Amino acid sequence: MTRFAPLLLALALAACSGAPGASVAPDGAISRNTCNTMDWRAVGFNHGYRGLDPEASFTMMENRCAGHGFHADRAGYFEGHVAGAARAGG
């Protein structure tokens, strides 16, 4: 598992960095397609690694995707957030 950690980290970081299906506009808008293809665990990992507040970050994204008619994967997001925070040392 350790030898794959850099790859997993790169994939998780790509989830919020403009990768297809995971882009977030500078104003925080999230497209319908992004919500439809969102990997909530990868997003949570990215947010945890970056030290973002899990409840606030999840709620913001959940609300924006709800506006497009999509339900967020709360369990996946928080599982990823815990893993990302642990990986970052926090």
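Odds and ends about this structure:
- Among residues of region 1-49, those that are modelled with pLDDT of 70 or more, of a type outside the set (Phe, Trp, Tyr), in a helix (DSSP H, G or I) and closer than 19 Å to Arg74 by Cβ, counted: 11
- Neighbours by Cβ (under 6 Å, 6+ apart or cross-chain): first from region 53-77, surrounded by 12 or more Cβ atoms within 10 Å (Cβ to Cβ); second in a loop (DSSP other than H, G, I, E, B) and of a type in the set (A, V, I, L, M, F, W, C): Glu62/Ala72; Cys65/Ala72
The values are calculated or read from the model by the stated rules, or taken from the named source; none is laboratory data. Fair warning: this is a prediction, and the values are worked out from it, not measured in the lab. A quick note on method: Cβ atoms are made from the backbone with ideal geometry, for glycine too, and the neighbour counts reach across all protein chains shown.
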